[in-house]
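Remarks on the structure that follows.
The values are calculated or read from the model by the stated rules, or taken from the named source; none is laboratory data. Keep in mind that what you see is a predicted model, and the values were worked out from it rather than measured. Backbone-built Cβ (ideal geometry, glycine too); neighbour counts: all protein chains shown. With ligands, DNA and RNA removed, areas are computed over all heavy atoms of the protein, side chains included. Shrake-Rupley method; radii C 1.70, N 1.55, O 1.52, S 1.80 Å.
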Amino acid sequence: SENQPREEEPEKDALLQVDNINKVWVHEQLEFLKPNKIRDANKNRPGHPEYDSRTVYVPPEFLKEQTPAMNQWWKLKSQHFDCIFFFKVGKFYELYHHDAIVGVNELGFSFMGKDHHAHSGFPESAYEKMATTLVEKGYRVARVEQTENPAMMEERCKRDGTRDKFSKVMLREVCQITDRGTQIFSNGQQKMTTSSDPNFLLSIAEVKTSPVTSRYGICFVDTSIGDFTIGEFDDDQQCSRLLTLLSHYKPVLVVHERNGKSENTEKIIKGINALKEPLTNDKQMWSSDQTLKFLAENKFELSEEFHEDSKLALKALGGCLWYLQRNLLVKQTLSIGTFKRYVPPDQIEK
């Protein structure tokens, strides 16, 4: 609905919440979201080597049954299923279905309405507080904004010759995605967490050099200041250099290849107390050539010192860039970006 949400009457609120405790919500009954039916946006099932849990397949026939605004919501949600949507409606951000449950449980919201569609929300002025709370709890928040007003909508429909109900709704877009590892502030925007420690996004690429040893490419970035550090090194059977790096630069989010990691690396990543993002090789964890091409297309050039013998380091950087691009932060981060090389402490010349 395009209408602003109405607050429940105070004397009815408690009764409404009690009634909601045992309610079976509409989203809990949707066949395409059930574990034995769920697929990603490319129709891959869990277990497929390219299954992407960040997306979800929403059947076209289901979309046709939705209201214009919910049709819009589901189309956006299908590409950002891992995010909690703050969905702009008038001067409010509204949360629907799974997201509404999170709003009630984590932010203390009340359910709005009395039907079986979970729905909650808050005034736009509280965005920073609500987003910060969820980010600190480990959620990923997507800010969905109206990108046209009613006059612009009418002009678009007239220009395109579209008058169906799905066209006559103001366009919305995901304008910002924030989690612990992807924070940036400029033009007065405040940091999204209260901690003063850097929130490092770490990307790891690996090639086995023997049955028991590996060579690693790494990239860690503090997106709040655009500080990129990339490096590449051989490691021993105990992964001493990788573990040293992790002890010095504790990441809050780790990007890594979905497949092809050694058993030691799998164990180390599993043991890190951070969000994890497995990426598909080449499509998401870009090769060194893909990474350099992307930087060139965005008019950003690395100095020559990062080109020589750095294919794995550039691949790790590619993983970071893909993830930042998905979070709509890559251009902002590169615009303030500085790069330095990581050298393991035991290799630094005295």
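For the range 175-212, give me the residue count where each residue is modelled with pLDDT under 85 and at negative phi. Full working, then the answer.
Of the range 175-212, the ones modelled with pLDDT under 85 are 183-198.
Of the ones still in play, those that are also at negative phi are 183-186, 189-198.
Residues in the range 175-212 being modelled with pLDDT under 85 and at negative phi: 14 in total.
Quick grid of which residues meet (1) surrounded by fewer than 16 Cβ atoms within 10 Å (Cβ to Cβ); (2) of a type in the set (S, T, N, Q); (3) assigned to a helix (DSSP H, G or I):
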| position | (1), (2), (3) |
| --- | --- |
| Cys219 | no, no, no |
| Phe228 | no, no, no |
| Thr244 | yes, yes, yes |
| Ser247 | yes, yes, yes |
| Val254 | no, no, no |
| Asn259 | yes, yes, no |
| Ile269 | no, no, yes |
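Scanning the range 121-138 for any residue that is in contact (Cβ under 8 Å) with a residue 60 or more places away in the chain, touching a strand residue (DSSP E or B) at 6+ places or on another chain (Cβ under 7 Å) and either over 21 Å from Leu275 (Cβ atoms) or aromatic (Phe, Trp, Tyr) (or both) turns up at least one such residue. Among the conditions (1) surrounded by 16 or more Cβ atoms within 10 Å (Cβ to Cβ); (2) touching a residue at least 40 places away in the same chain (Cβ under 8 Å), Val26 misses just one, which is (1). Against the list (1) under 21 Å from the mean Cα position of the chain (by Cα); (2) among the hydroxyl-bearing types (Ser, Thr, Tyr); (3) open to solvent by 50 Å² or more (accessible area, probe 1.4 Å), the condition Thr291 fails is (3).
Does Ser110 qualify as being in contact with a Leu (Cβ under 9 Å, 6 or more places away or on another chain) and open to solvent by less than 30 Å² (accessible area, probe 1.4 Å)? Answer is no for this residue. In the range 32-87, the residue that is surrounded by the most Cβ atoms within 10 Å (Cβ to Cβ) out of those that are among the charged types (D, E, K, R) and within 21 Å of Cys175 (Cβ to Cβ) is Lys77. Whenever a residue of the range 236-248 is under 13 Å from Tyr216 (Cα atoms), its partners that are hydrophobic (A, V, I, L, M, F, W, C) and open to solvent by less than 20 Å² (accessible area, probe 1.4 Å), lying with C-beta atoms within less than 7 angstrom and at least six residues away or across chains, give the pairs Arg241/Phe233; Leu245/Ile218. The set of residues in the range 300-315 that are farther than 12 Å from Thr338 by Cα, under 27 Å from the mean Cα position of the chain (by Cα) and open to solvent by 10 Å² or more (accessible area, probe 1.4 Å) comprises Lys311, Leu312, Lys315.
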